[in-house]
1. Applying the selection to region 221-236, what residues are farther than 24 Å from Ser259 by Cα and either open to solvent by 40 Å² or more (accessible area, probe 1.4 Å) or hydrophobic (A, V, I, L, M, F, W, C) (or both)?
2. Going through Lys253, Lys261, Lys239 one at a time, which residue ends up being open to solvent by 20 Å² or more (accessible area, probe 1.4 Å), without any contact (Cβ under 8 Å) to a residue 60 or more places away in the chain and closer than 30 Å to Arg69 by Cβ?
3. Give the residues of region 199-233 that are in a loop (DSSP other than H, G, I, E, B) and either over 17 Å from Arg330 (Cα atoms) or touching a Pro at 6+ places or on another chain (Cβ under 6 Å) (or both), sorted by residue number.
4. Going through region 182-226 one residue at a time, which ones are acidic (Asp, Glu) and within 24 Å of Thr290 (Cβ to Cβ)?
5. Of the residues that sit in region 183-198 and are out of contact with any helix residue (DSSP H, G or I) (no Cβ under 8 Å at 6 or more places or on another chain) and either touching a residue at least 40 places away in the same chain (Cβ under 8 Å) or surrounded by 15 or more Cβ atoms within 10 Å (Cβ to Cβ) (or both), which one is farthest from Arg328 (Cα to Cα)?
6. Quick one: would you say Tyr292 is at pLDDT 90 or above, surrounded by fewer than 20 Cβ atoms within 10 Å (Cβ to Cβ), among the aromatic types (Phe, Trp, Tyr) and assigned to a strand (DSSP E or B)?
Amino acid sequence: MKQFSRRQSEGFVLVACIWVIAAMVVFVGFVATSAEQTQAMVLRETSQLAFTLDKRATESTFIYLGATRGVSYAGLKTKVEQRVVKEDEFNPLSGNVYAITGDEFRLDGRVYQGIGGLEFSVQDTGALVGLRVDSGFPTYKLEKLLLSYGVSRDEARRLLGALIDYVDHDDFPTVDGAERKAYLRQGGMGPTNRFLVNPGQLRNVLGWEEALGNEFDRFLEEVTVGVGGRNNFNSLTTKGMTLLELDANAILKIQEYRSKKAFTSLFEVNEVAGTLIDNGQLAISFIPDTFYRIRLWNPSSRHEEWIGVRFTPVSGFAPWQIDYRLTRQRDLAALGAGVNENNASLDPQTPPTPLLQ
């Protein structure tokens, strides 16, 4: 009997030891997992902080250049121009003011390396299609852009009517438009009765996102909340040149030419493209606008930040003014294919930015 009790005691001690060891293993595993999760969180937050600092540094450097350098036909100059001007030589209207210096930061949406591991691009928004649609701004180009995305002509006119009612200063609906009551019936907020402040606000205008469907985000890349429509062949997107009824071959020739040079006249464009563009009904300018869209992203991220900025003399507060900041999802198809917003293939090595020169 005593022997049996002794064996029972030994068995109990053995089981207890096993349970203690198991508990210790679970505890150690929990601590290790917790430490690993904490380490991963710290690394993630450190990486995010580094990206934020790189993003702000890149943005600030570009804005500094925009506020302190001039522009040429090719884009934003990056170096201080050292030139001795005689007393009677300077003429602010001289074409030499916009002469190409070869150090320009291009404003056609091409991708550059930023500070750190960041990538970014800058688009001259004067060459995009404007979303300003009151009586002083024609809508034919915006309608043409909608048609190019497969929207029917009747639907395009309804969308333009809704946009006009969204930004005008009254509550009277236009033909095919929509005012506050139409929004309230669908549980939405009414019109702001002022111009859009960023392209993403177009989502709030009745019918636009539904009509464009999966093409909505691509559509946003072609529009600006400014006036737009300047048809600058040094910064027009592929879609923008398509709206001018240029064929694919002419567009490719224009893009190849401006990748290293810049256009200064319509004659030069026609000569390079092998076509004939009539400027009788086009607003054409070869000088960059003062409104730009900066896009910044981490190559491994699915999101990017858009920054709308304008420079003197348009800005009334400082040498520059930030109009909006917009975070949006990157085009995953473009992310996988390695193309920029102009559907141009990227080089294996993203070109270095003039910011770092």
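1. First, pick out the residues of region 221-236 that are farther than 24 Å from Ser259 by Cα: 225-227.
Within region 221-236, Val225, Val227 qualify.
2. None of the other options fit; the residue is Lys253.
3. In the first step, residues of region 199-233 are kept if they are in a loop (DSSP other than H, G, I, E, B); the result is 205-207, 221-222, 225-227, 229-233.
Listed by number, the residues that qualify are Val205, Leu206, Gly207, Val225, Gly226, Val227, Gly229, Arg230, Asn231, Asn232, Phe233.
4. Going through region 182-226, the residues acidic (Asp, Glu) turn out to be 209-210, 215, 217, 221-222.
Once the filter is applied, which keeps residues that are acidic (Asp, Glu) and within 24 Å of Thr290 (Cβ to Cβ), region 182-226 yields Glu221, Glu222.
5. First, the residues of region 183-198 that are out of contact with any helix residue (DSSP H, G or I) (no Cβ under 8 Å at 6 or more places or on another chain): 183-187, 197-198.
Keeping just the survivors that are either touching a residue at least 40 places away in the same chain (Cβ under 8 Å) or surrounded by 15 or more Cβ atoms within 10 Å (Cβ to Cβ) (or both) gives 183, 197-198.
Numbers: Tyr183: 24, Val197: 16, Asn198: 12 Å.
Step by step, filter region 183-198, then rank; the result is Tyr183.
6. No.
Residues checked against (1) touching a Leu at 6+ places or on another chain (Cβ under 7 Å); (2) modelled with pLDDT of 90 or more:
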position: Gln186; (1), (2): no, no
position: Asn193; (1), (2): no, no
position: Gln201; (1), (2): no, yes
position: Trp208; (1), (2): yes, yes
position: Asn214; (1), (2): no, yes
position: Ile254; (1), (2): no, yes
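The values are calculated or read from the model by the stated rules, or taken from the named source; none is laboratory data. Predicted model only: the values in this text are computed from it and were never measured. Reconstructed Cβ throughout: ideal geometry from the backbone, glycine too, with neighbour counts over all protein chains shown. Only protein heavy atoms, including side chains, enter the accessible area calculation; ligands, DNA and RNA are left aside. Shrake-Rupley method; radii C 1.70, N 1.55, O 1.52, S 1.80 Å.
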